Amino acid sequence: MARLRALSVLITLFLAVFAVTSSAVALDSRAPRCKELCITRCNRVTAGQAGTPGQTLRSAAVAKGKYFGAAVSPNLFATAAYANALKKEYGWLTPGNAMKRDATEPAQGQFRFTDADAVLKQAQANGQMIRGHTLVWHSQLPAWVPNTAGTDIAKARAIMTNHSENSFPGQLAHWDVCNEVLNEDGTFRQSFWFNAWGGRRYVAEAFRLARAADPTVKLYINDFNVESPNGAKTNGFFNIVSSPIDGVGFQAHFISGQIPDIAATLKRFATLGVEVAITEPPPEQTQATNYAAVTNACKSVAVCVGVTVWGVEDTDSWVPHLLLDANYQKKASYTYTLNALNA
Ligand code: XIL
């Protein structure tokens, strides 16, 4: 009996040592990426610490378990008022243009990461996270891409692979892998990518390559006019979300003054087992109440991780309906958003 007990103690000890060693091995095998992963994880913890709790969008969002972010323009980082507002109000940054393909490889083989690196640096200096934007999009695609590949799938795949590898592994929290792949009726847009693959398979390929390039980033699909619960485009969007897509971005560029029941849509997508995010308001005809509505919608859905507005102040956006005016003064939209976060 005593021998049996001793044997079982020995086995338990062996198993414990084995468990510790194998988890150490698992960690070691990620060693080369460890520093980058740490930046991402550390930022996740500190992303909301700037500002008094509840007094800024950034801290108010974190108090509710969400983030509040903005699309950014690196050419404004040197403007003190811009940099201050960015640091104080926004816990997450999306490069408005800096990571698009026309910015990073304007001519074939000529890579330009100055602006993208400036966003990474800004985020690291201020404990902010980054939504990468965007790997595969029909727009802001330099002309050399379709000119080189045409409808040759092998050439198109080589370019897509190169772009995914020449992105920002370990540096991003989210990555908009595919942006705006659908038409308004929910069918696939006839983009260069669609035509090169002869169909929708390029989407799965893009996600596969993005996952291979960065095993830890959350992979997002992102689109606009997909916020009304049963619209044709929303239904099309719903039908294409599957593994390995981790998250679904709703741009929320509502065209009419009336906004749809976006909370119901977020809840519907949550049933797919993905997280969701509001990625690009303002709506084109913005009232302050619309900002409150999208913020409330995100708050009401557990898997909605946060809201990003498309610019910091009104002159820094393609739609000048932001939360701060050109002099960085808070607008009614700001107050409605902050109140919605704090409620
Ligand atoms: C916009 C940028 O903000 C502009 O500076 C640029 O001229 C055009 O693109 N949907 C998107 C964003 O996903 O990338 C777009 O950004 C706005 C619409």
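The values are calculated or read from the model by the stated rules, or taken from the named source; none is laboratory data. All values derive from a computational prediction rather than experimental measurement. When we count neighbours, we look across all protein chains shown, and the Cβ atoms used for this are built from the backbone with ideal geometry, even at glycine. Note: accessible area is taken over every heavy atom of the protein model, side chains too, but ligands, DNA and RNA are not part of it. Shrake-Rupley method; radii C 1.70, N 1.55, O 1.52, S 1.80 Å.
Packing around the peptides 159-167, 295-303, 90-98, taken as the average count of other Cβ atoms within 10 Å per residue, puts them in this order, highest first: 90-98, 295-303, 159-167. Note on the range 158-214: with charges restricted to the Cβ of Lys and Arg (+1) and Asp and Glu (-1), its dipole about the Cα centre is near 220 debye. Dipole magnitude for the range 108-259: computed about the Cα centre from +1 point charges on Lys and Arg Cβ and -1 point charges on Asp and Glu Cβ, it is near 260 debye. Each of A232 and A81 was given a label point 7 Å from its Cα along the Cα-to-Cβ line. The distance between the two points is 4.5 nm. Shown for the range 132-211: the carbon plus sulfur share of the solvent-accessible area, taken with all protein chains present and a 1.4 angstrom probe, equals 50%.
Ligands, DNA and RNA left out, the accessible area of the range 251-336 computed with a 1.4 Å probe is 53% carbon and sulfur.
Between the alpha-carbon centres of the range 138-189 and the range 289-343 there is a gap of 29 Å. Straight-line reach from K64: which aspartates and glutamates have Cα under 17 Å away, leaving out those fewer than 8 places along the same chain? The qualifying aspartates and glutamates are E89, E275. For the range 218-329, the solvent-accessible area with a 1.4 angstrom probe is 34 square angstrom per residue.
Rounded to the nearest 20 debye, the dipole magnitude of the range 33-342 is 860 debye, with +1 charges on Lys and Arg beta carbons, -1 on Asp and Glu beta carbons, and the Cα centre as origin.
Give the Rg/Rh ratio for the range 64-215, taking Rg as the radius of gyration of the Cα atoms and Rh as the Kirkwood radius, to two decimals. Rounded to two decimals, Rg over Rh is 1.00.
Pairs over the 19 Å Cα-Cα cut-off, from the set K88/K121; K88/K331; K267/K330; K87/K330; K66/K100; K121/K331: K267/K330; K66/K100; K121/K331. Taking other residues whose beta carbon is less than 15 angstrom from the beta carbon of T279, and scoring Lys, Arg as +1 and Asp, Glu as -1, yields -3.
Note on the range 33-342: along the principal axes its Cα atoms extend 53, 42, 35 Å, ordered by decreasing extent.
With Cα atoms as the point set, the radius of gyration and Dmax of the range 191-343 evaluate to 16.5, 49 Å. Here the simple spin-label model places points 7 Å from the Cα toward Cβ, and for Y328 and N162 these points are separated by 4.1 nm. For the range 191-207, the Karplus equation 6.51 cos²θ - 1.76 cosθ + 1.60, evaluated at θ = phi - 60°, returns couplings of 8, 3, 5, 4, 5, 5, 7, x, x, 6, 4, 5, 5, 4, 5, 4, 5 Hz by residue, with Gly and Pro reported as x. With r defined as the distance between the Cβ atoms of R268 and N183 and R0 fixed at 22 Å, what FRET efficiency is calculated, to the nearest 0.05? Taking R0 as 22 Å, the efficiency between R268 and N183 is 0.65. Between T114 and T289, the modelled labels are 4.7 nm apart [label points 7 Å from Cα along Cα→Cβ]. Set the Förster distance to 25 Å, then compute FRET efficiency between S242 and N97 from the Cβ-Cβ distance, nearest 0.05. Efficiency, from the Cβ-Cβ distance: 0.25.
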